Every structure is written in C-alpha cells, then in structure tokens.
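Notes for the one structure printed next.
The values are calculated or read from the model by the stated rules, or taken from the named source; none is laboratory data. This is a predicted model, so every value here is computed, not measured. Glycine also receives a Cβ, built like all others from the backbone with ideal geometry; neighbour counts cover every protein chain displayed.
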Protein chains: 2
Amino acid sequence: MSLEFAIHHRCARSQARVGLVTTPHGSFDTPAFMPVGTRGTVKGILPTQVAQTGAQILLNNTYHLMLRPGAELVQSLGGVHRFMGWDAPILTDSGGYQAYSMADINAIDDDGVSFRSIIDGSKIRLTPERAIEIQNQLGADIIMAFDDCPPSADPGSTTTNQARLRHAAARDTKRGSYDHDARLDLALDRTARWLERCANAHKRSDQALFGIAQGGTDLDRRSRSIEQVCQVDLPGYAIGGVAVGEAHDDIVRVVAHAAPQLPEAKPRYLMGVGYERDLVAAVLAGCDMFDCVLPTRNGRNANAFTSQGQIRIRNAQYREDPAPIEAGCDCLACQPSANAWATPDGLPISRAYLRHLFSTEEMLGPILVSLHNLRHFQRLMSDLRTTIVNGDWGGFANRWPVAREGLLPELLRGLQDDKP
Amino acid sequence: MSLEFAIHHRCARSQARVGLVTTPHGSFDTPAFMPVGTRGTVKGILPTQVAQTGAQILLNNTYHLMLRPGAELVQSLGGVHRFMGWDAPILTDSGGYQAYSMADINAIDDDGVSFRSIIDGSKIRLTPERAIEIQNQLGADIIMAFDDCPPSADPGSTTTNQARLRHAAARDTKRGSYDHDARLDLALDRTARWLERCANAHKRSDQALFGIAQGGTDLDRRSRSIEQVCQVDLPGYAIGGVAVGEAHDDIVRVVAHAAPQLPEAKPRYLMGVGYERDLVAAVLAGCDMFDCVLPTRNGRNANAFTSQGQIRIRNAQYREDPAPIEAGCDCLACQPSANAWATPDGLPISRAYLRHLFSTEEMLGPILVSLHNLRHFQRLMSDLRTTIVNGDWGGFANRWPVAREGLLPELLRGLQDDKP
C-alpha cells in the first residue's frame, strides 16, 4: 500500500477526526488544506515558503502540466517533486475538470473527453487510461480517478464556473433539451465505469489512486455514486462536484450526507472547497482533505482573508493604515520577526504599504497577500485539529467569526458542550 | 556625524580597499553592491530574501516614491525602512536622473527641473531644496545631492538610456545647435552651485548627504568637478554620469582617473554601475559602493548571470536541462539545501523548470532568477573583499571568467604577483 492513514482522535459530537496520512514523500496531518500549484508552482511562492505557511501537501493540475511542459518532460526530470523542488506529498487531479471547463471546444462520450489545447489549439483526447498514464508520469503521491463531472443543478449560476456550465449546457443541448436528472445519472454511471478502467490502468504501486463520487445536490444520487465508487477498493475517496455554483446550505447538506458514507478508515477528500464556513462544516462531517485556489487567487487580487472576513487591500481606506493585515497573525507579512525565516529585525508590513504595492503593480503585493492567505487557511486547519482534540468549539467559534456564517452557528452550537 | 567609514585593508598594488560603513540603521561591508528597490521594493523579492542574498544596503528611487505613494505618506508611516520592512541601511537618489530621463515633458534651468508626472500628468518642480526635503521625509540613511546630469558624449548611443538622451537633445536644441562641451560645463557649474544649496537645505543629522561629481568622459572636467564638489565637506562622494551609454574602455578610464581624486577617507560611490568587468575595474580604482538594476531587470527577463557570462533561460536548449543555473552557486534556486531558509530536503531548481516558469508566465520565474542574480553580484563583491585582503588576484580571475573582459585582463595581470 502506497498510503497509510492513522486516525489519532475522533470528535465525540461530530464526525470530525484528526489523523495522519503517510505517503512515499512524507506525512501530512489531517484535516489538511492543500494549496494549489497549478502549473507546478504555487503562484509567486517558493516551495520553502509554501512549507513555512504550514502546508504539508500541495496539489498540481494534470491538465496544465500535460499541456506545458508535458508529462513526459516532467517524468524525464524526475517527476513533479523534483521538477518543482517540493520534497513533500503532492496530489494531482485527473485533468478532467479543466478539460470540461476550460477548453473552447470539447466533446464528451462514453469513452472519454476530446478538447483543444488552450495553448496551441491541438486536439487532445483524455480517457481514463490516458489520465492515469499521465499521472503515473507526473509521479504525485496521490492521483485522482478520471470522472464525469456534471454541471451544477442551476445552469444560471454565476458564482464559480460559468465557463464550465456554459460548455456543459452547449454540449447537452446538442442531444435535445437539457435533462439535468438524466445528465446526473449518465455522469454517475460513467464515473463508476471509468473508475474501474482507471484502477486497471494504474501501474505505479508508489502512487495512491483515489476514487471520486459524484451526484450533484441530489442526496439519493450521492448515496448511489458512493456505493458504486466504493466497490473498487482504493486507499482513499473524494467527493467531487461540490462548490460548482450551489449555495452554502446545499454544500453543507450534501457534504453532511455524503462524507459519513465514505469508508471511515480511509481519507476523505472534498475537492475544490473552499470558504472557511464550508471547510469547517466539511470537517465536522468527517472530511479530511481540501484544496482551493482561494488563498492565492484572492491574494493576487488584493483580497486578504482575516478571521473577521476578507478585506480588500486596494481600498482607499487603507491608504494610510499602519496596521498589519491582521493583528495576531504570524505570517511573514503580519509578523515577520515571529518567523525563523525573517531577519531578527524584520518589520511588520502595513496595509498602507501593501496598498502601495498593488497601486504600483509590484509583484510583492500579490506575493505578500498570498503568503498571508495561505497561512490564514493553514491556521484555520491547525486550529480545527486542536479543537477536535480538546473539544473547545466555543473557543474556536470566538477565534473565527468568519466561520460563523450560514449553517455554521447552529452546527457549532451543538458542539459547545463538548469540553473534555 | 551620521555616517562612519572605517578602512580595514588596502590593496598593495591597486587603489582597492575593504571597509565598513556604519549608519543609524546598521553597517555594511565595502566594496558593497546595493540592489535597487525602485518603488520601495526590490521587484518580487521579500526584504528578508534580499538580506539573505548578502545585501546589507539597498537603494530606493526618490522620483518613484515621491509620485507614489508620496514622501509625506512614507514619512507618516515611519520612513522608508519601516514602510518597506527593511531594518538596515537604505540610500535614496535625488530624483533628478529620472526627472530628466523619464518625464515626457521636462525643462531644466539654473534653479531646477520641471516635469510632468508619469502617473497623472501633473506638473512637478524639483529644486535642490525640494529634492533634499523629500529625501528628509523618506528618511534613508544616505541621501544624494540634486545634480545636473548631462547627456552622454555620444547622443546616438543605443546602449542604456535612449529616452534620457533623446530628451536631453530635445532640451538642448531649443537653445540652438547642441554644443556638448558647453553643456558639460553648464552641468558642472550647476552641480556645484546646487550642491551648496542641498547642503544648506539638509535638515536631518541622522542622514548622510553625498555629493556627486560629473564631467562626462572628459578627464579634465572630471577633475574640475571633483575639486568643486569636494569644497563642500560631506561624509561621502559619488561619481555620476558614468555608464550612461559610453563604452567599457571609457568607463574604466574615467573611473580610474576620478576615483582616486575623491577623499581617500570617505566612501566613494560609483552610481548605476554595472557589469562585472566594470565593477571590478571600479573597485581596483578605489570605489566602495555600487548600485544597478541589472540583477533584477535581467532576472525578470530570464537572463541569469553566471561566472562565465549571462545565459538566457528561455532558450530552447534548456528545455530538458536538469542542471541548476550555475553549479556551485549557493543561491536559493541553485542549492536550496545550503540555505538556512530552505527546508532541509529542498531540491535544486533545474534550468528546465525555470524555462517552464517563463514559458507559462509564472511569477516564480522572475523571482528565482532575480534571487540568483542578486546572489551572483553579492558573491562577486564578497570575493572582491576577500581578494583585496589575501591578494590572490590570480585565483579571483580564475573564479570569475566573466570579469576577464575589456581592459580587465590587463588590470588583473598587473596584480597577480600581489600574494601575501
């Protein structure tokens, strides 16, 4: 077995657990948040800095790496770890999600997906076998099954992946009027059949293949997909097709339903999620692994996460603000002297300076706010791991006002008597 | 006195010396190379990383900071050190050079320079008094006199600052045909008169004002300017108007003539230089301080400095190259495990990976090559300091083939018997 999962503590009043996943490139604590290193780099952040934010595993996108520089080249250079200088666990997705949502022209059939490269327009075919072969070449510790990720229930959603929904709708209307339920059923069956093909194609014993359950926001279909996917014995399973445009309440409802049905002894990975309230709800539902581009994407756009919510550093109100992004944060921007990697006399970075960097389009603005945001999510996960063990959910709720949104107040209230 | 200069060793066969400059924000070893932090940031590089390349002092551009965010704001936030999080020595230039060369519309007269802001087109006036007032507000440890920097002898030069030459020519032809000698003489007189006004306007005893000698490539005018400028007693002096388009031989000739005429007991700063061969020649002539944008500007353009010369990382020949930029370099990119700031298991970064980062326009490419280049110049200065003490110029020449260009082989040959 290329992956081991040890559960060290279980929450008495929720499904949450604290654990340790061990891979050929080291271990990571769960619940874990994986920064996204799309093209083999967390944008603007050195691998050593990623590690210093507390991240112990990161994600690379197969789709982007297969287009540039190509999986064969990455393999010839020793695999993704050596390629990007990250000697710790890495997970790659299958490339399917980006193939559906990013390509201008794509077609999906029962055997796979065809699309044109966003780089040079060349025609590319991804099948379960090819997606696994590419991930075998890239060499991540955890690789993902090639699944059929159907559009969100609401084709008019504007929140996350409009391009994907647009393409999905265009695809589906070619077959006549769009029947969302029929599309979900088709995705479920394909995902199950493709998973068997992925498992048969997988050749490297040092890589752990995770299956992905789909089903949209329909709980019965979620159960059916989990049942189908778990018929293939794998070291871990993921919940896909969440946070693709649906409301927070739907995310919480789907995850609370789906996560406990996945095998208790194996890591559960909720793909592409997300905001703090969603992460906390998913941890309480028993999820162990997460990834999201929010810290770096929002960081590049001058949006800084704080325990009170996001602040937009470009705003004129910060022009003369000498305060750090968040007092008490121990990231390099907020408290450089607290970090071993800073000079002893390092000075905290003011919001006014950060605003100046964004106003003048200096690279250091995106870098510093990305570093802060990455640390923000790692601090949240670290606090969740601590709180699962000590049961002080009241203290947790006080420290993270931003997590007291949507259904979270109710969820957290139910846990607050759970002191040791 | 806000600045102290101690000379610890003098080369027996050249004017070179090893020293230590002490400022209110700490000391730096000389000969020193100052990275350029134009707008209060060395582009893409955290202050802690700048320090870790070995830099002990950096330069900020008054022109850019006065336009954005404004000197008053920097002052209200505690000055440039606190503003950018660099608790070590900083030098600011006067803003004159950029005012001449960057503004679309500018006019120079005996009292100062008028130009329009490149940000919003507003009309701005810089005089000796105003340039000093702004630098007093910014609060650097070393500030520079406002001088009249005349165009290079060759108005057709395309090598460095075409815009500046173009504007200078436009300015000068308004007065009739361009007379280079007359323009040089005018610049010398203005520079001398403006220096007295700068010294009278300077209000902060914790900042050291340096004077600047001009004179173009004419050695007699260089001598005259130095004589004029040194009539004002200041803690340090600079050689300006070098490397503004002239040939390497002219740079070496001018610096070898001018540097020894500056006061022996005070730091000598050669402004805006430059390439390795020029730096080595200037050190041998007795210069102590240097600044140049080459490491970061070329780094952003994928040009990496090595001891053999520059390599262009974008080139197809590096597509599959697993080697670091330069074997034996101890920068973060070439040898991460050698750095205390890297993870213990950090992996060296290949040329192939760097090429991938530039091909995909990832920020990390400019960051890593800038870090390498900054370290390259600091390693050169460190080796110069060592060699001045131990006299092994033959060893130095072997380690730095790139410095064996132009007049350097002859200069270095003359030193090679100088072993202890």
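Looking at A:199, A:168 in this structure, which one is out of contact with any helix residue (DSSP H, G or I) (no Cβ under 6 Å at 6 or more places or on another chain), modelled with pLDDT of 95 or more and of a type outside the set (D, E, K, R)?
A:199
Residues that are of a type in the set (Lys, Arg) and more than 14 Å from chain B (Cβ to nearest Cβ): does the stretch A:97-118 have at least one? Talk me through it step by step, then tell me what you get.
Restricting attention to the stretch A:97-118, the residues satisfying the condition of being of a type in the set (Lys, Arg) are A:116.
So of that shortlist, the ones also more than 14 Å from chain B (Cβ to nearest Cβ) come out as A:116.
There is at least one residue in the stretch A:97-118 that is of a type in the set (Lys, Arg) and more than 14 Å from chain B (Cβ to nearest Cβ).
Sort out which residues of the stretch B:75-96 are within 25 Å of residue B:112 (Cβ to Cβ), within 14 Å of chain A (Cβ to nearest Cβ) and crowded, with 22+ Cβ neighbours inside 10 Å, and write them in order of number.
B:80, B:90
Please state which one of B:32, B:107, B:71, B:55 is aliphatic (A, V, I, L, M) and surrounded by fewer than 20 Cβ atoms within 10 Å (Cβ to Cβ).
B:107
Taking the options A:332, A:262, name whichever one is hydrophobic (A, V, I, L, M, F, W, C) and modelled with pLDDT of 95 or more.
After applying the criteria, what remains is A:262.
A quick yes/no check of all residues on (1) under 17 Å from residue A:305 (Cβ atoms); (2) surrounded by fewer than 16 Cβ atoms within 10 Å (Cβ to Cβ); (3) assigned by TED's automatic domain parsing to the domain that holds residue A:273; (4) not β-branched (Val, Ile, Thr):
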site: A:383; (1), (2), (3), (4): yes, no, no, yes
site: A:392; (1), (2), (3), (4): no, no, no, yes
site: A:395; (1), (2), (3), (4): no, yes, no, yes
site: A:403; (1), (2), (3), (4): yes, no, no, yes
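Restricting to the stretch A:381-420, name every residue that is outside any helix (DSSP H, G or I) and of a type in the set (S, T, N, Q).
A:416, the sole residue that qualifies.
Return the only residue of A:134, A:143, A:118, A:124 being among the aliphatic types (A, V, I, L, M), modelled with pLDDT under 90 and in the same structural domain as residue A:39 (by TED's automatic domain parsing). Show your work before the answer.
Values: A:134 fails: modelled with pLDDT under 90; A:143 fails: modelled with pLDDT under 90; A:124 fails: modelled with pLDDT under 90.
When all the criteria are applied, what remains is A:118.
Look through the stretch A:351-366, keep the residues that are more than 9 Å from every other protein chain (Cβ to nearest Cβ) and outside any loop (DSSP other than H, G, I, E, B), and return whichever of them is nearest to residue B:366 (Cα to Cα). Spell out how you get there, then give the answer.
Looking only at the stretch A:351-366, we keep the residues that are more than 9 Å from every other protein chain (Cβ to nearest Cβ), and these are A:351, A:354, A:358, A:361.
After this cut, where a residue has to be outside any loop (DSSP other than H, G, I, E, B) as well, the list is A:351, A:354, A:358.
Working: A:351: 25, A:354: 20, A:358: 18 Å.
So the residue we want is A:358.
For the stretch A:351-370, name all the residues that are crowded, with 24+ Cβ neighbours inside 10 Å, free of Cβ contacts under 8 Å to residues at least 40 places away in the same chain and more than 25 Å from the chain's Cα centre (by Cα).
Of everything in the stretch A:351-370, those that are crowded, with 24+ Cβ neighbours inside 10 Å, free of Cβ contacts under 8 Å to residues at least 40 places away in the same chain and more than 25 Å from the chain's Cα centre (by Cα) turn out to be A:353, A:356, A:357.
Condition first: in contact (Cβ under 8 Å) with a residue 40 or more places away in the chain and within 30 Å of residue A:10 (Cβ to Cβ). Now tell me which residues in the stretch A:29-51 satisfy that.
Within the stretch A:29-51, A:29, A:30, A:31, A:32, A:33, A:34, A:35, A:36, A:50 meet the criteria.
Can we say residue A:150 is surrounded by 24 or more Cβ atoms within 10 Å (Cβ to Cβ) and modelled with pLDDT under 90?
Answer is yes for this residue.
So if I check each of B:296, B:217, which one is modelled with pLDDT under 95 and either outside the structural domain of residue B:375 (by TED's automatic domain parsing) or under 19 Å from residue B:402 (Cβ atoms) (or both)?
Details: B:296 fails: modelled with pLDDT under 95.
Checking each option against the conditions leaves just B:217.
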